[in-house]
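The values are calculated or read from the model by the stated rules, or taken from the named source; none is laboratory data. These figures come from a predicted structure and were not determined experimentally. Heads up, the Cβs are rebuilt from the backbone with ideal geometry, glycines too, and the neighbour counts pull from every protein chain shown.
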Amino acid sequence: MTQEAAWTPDHIDTTVPSAARIYDYMLGGAHNFAADRLLGARVMTMDPNIRVTARLIRSALGRMVRFLVDQGIRQFLDLGSGIPTVANVHEIAQGMDPVCRVVYVDIDPIAVAHSELLLVGNGRAEVLGADLRNPDSVLSSEQVTRQLNLQEPIAVLCSSVLHFVSDSDGLPDIMRTYRDAVCSGSYLAISQVGLGMGTETKGKVDDALRRSGSQERVTGRTREQVLELFGEFELVEPGLVNAAGWRPSGPSDMSGLGTVNKDFHTGVARKL
């Protein structure tokens with residue numbers, strides 16, 4: 001069995017690209033296929049800054065997790081977690097405090113399969129193969145009920161995933177269900193693409209996705225629309241900003257800020 005076959009479920013059509021695997025490719029990961037790399041390269045010709053943006057978003061996620069652990073959070077629900085790469089949520093959180101618990105949720109079978117391999121022997125982290133658009137199913141799953149206590153503060157992470165949920169799916173209602181399920185003192189973290197991609201570029205990206213056979217599409221949202229997703233939660237400083245500007249720990253976190261999509265809305269909010 002090849003190394004690739006070890007993490008590839010038998011029923012996967014590797015000729016159809018996946019957003020999770022394209023993101024892995026842009027981050028320099030190895031868990032992607034030729035179709036993912038081809039479409040990823042095509043998208044990068046349409047938006048040359050997208051690889052820098054992806055890496056800045058990943059860096060921001062790490063800073064969010066460290067901030068949340070510092071605030072006393074020891075439970076994480078990572079929605080649309082994608083394929084494990086460098087500095088995963090459980091590695092950061094458990095590196096700061098081994099008692100931290102994490103449940104990853106993703107609809108991509110490759111992301112789930114590789115996460116299962118990565119988490120073997122880790123009794124405080126699991127992966128759930130599920131669609132975040134079905135919050136009741138996610139929240140009532142064995143993995144969530146086994147690992148997470150929703151009566152205690154928890155962090156719900158939505159990093160670079162909500163723009164793959166269309167307006168017709170009713171995203172505000174979906175997020176309201178997640179917010180209502182968690183207790184006071186919990187946090188919600190979001191990174192969501194804005195409208196800076198431009199209508200023409202977005203059209204080209206969606207057309208490339210369509211031609212490749214992928215069902216995924218990108219839905220950019222305004223600052224006001226993203227703020228709505230936080231509901232009654234109170235944003236922590238510095239508010240809703242570009243990914244590179246969310247609590248940068250040094251100059252390297254800000255690299256590329258002048259060239260990337262400046263309305264990739266990123267923020268963390270607390271339930272009072």
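For this structure, a couple of remarks:
- You will find that of 254, 197, the residue that is over 22 Å from residue 166 (Cα atoms) and either at pLDDT below 90 or of a type in the set (Asp, Glu) (or both) is 254 and no other.
- Test set (1) out of contact with any strand residue (DSSP E or B) (no Cβ under 7 Å at 6 or more places or on another chain); (2) hydroxyl-bearing (Ser, Thr, Tyr); (3) at pLDDT 95 or above; (4) within 14 Å of residue 67 (Cβ to Cβ) - residue 184 fails condition number: (4)
- With respect to the conditions (1) buried (at least 16 other Cβ atoms within 10 Å of the Cβ); (2) assigned to a loop (DSSP other than H, G, I, E, B); (3) on the phi < 0 side of the Ramachandran plot; (4) in contact with a helix residue (DSSP H, G or I) (Cβ under 7 Å, 6 or more places away or on another chain), residue 29 lacks only one, and its number is (4).
- Filtered residues of segment 111-136 (kept if surrounded by 14 or more Cβ atoms within 10 Å (Cβ to Cβ) and part of a helix (DSSP H, G or I)): 111, 112, 113, 114, 115, 116, 118, 135
- Screening residue 55 on (1) modelled with pLDDT of 85 or more; (2) crowded, with 24+ Cβ neighbours inside 10 Å shows it passes everything except condition (2).
- Scanning segment 100-110 for residues that are of a type in the set (Lys, Arg) and surrounded by 24 or more Cβ atoms within 10 Å (Cβ to Cβ) yields a total of 0.
- Of the residues 56, 79, 61, the single one that is more than 21 Å from residue 28 (Cα to Cα) and either in contact (Cβ under 8 Å) with a residue 40 or more places away in the chain or of a type in the set (A, V, I, L, M, F, W, C) (or both) is 79.
- When residue 156 is tested against (1) assigned to a helix (DSSP H, G or I); (2) under 22 Å from residue 93 (Cα atoms), only condition (1) is not met.
- Scanning segment 39-53 for residues that are in contact (Cβ under 8 Å) with a residue 24 or more places away in the chain, more than 30 Å from residue 236 (Cα to Cα) and not basic (Lys, Arg) yields 39, 43, 46, 47.
- Restricting attention to segment 95-110, the residues that are in a helix (DSSP H, G or I) and touching a residue at least 12 places away in the same chain (Cβ under 8 Å) add up to 3.
- Filtering segment 1-17 to residues that are crowded, with 18+ Cβ neighbours inside 10 Å and either at pLDDT 80 or above or not in a loop (DSSP other than H, G, I, E, B) (or both) leaves only 17.
- The test for being in contact (Cβ under 8 Å) with a residue 40 or more places away in the chain, in contact with a strand residue (DSSP E or B) (Cβ under 6 Å, 6 or more places away or on another chain) and part of a loop (DSSP other than H, G, I, E, B) holds for residue 73.
- Criterion (surrounded by 19 or more Cβ atoms within 10 Å (Cβ to Cβ), modelled with pLDDT of 80 or more and part of a loop (DSSP other than H, G, I, E, B)) met by exactly one of 83, 92, 22: 83
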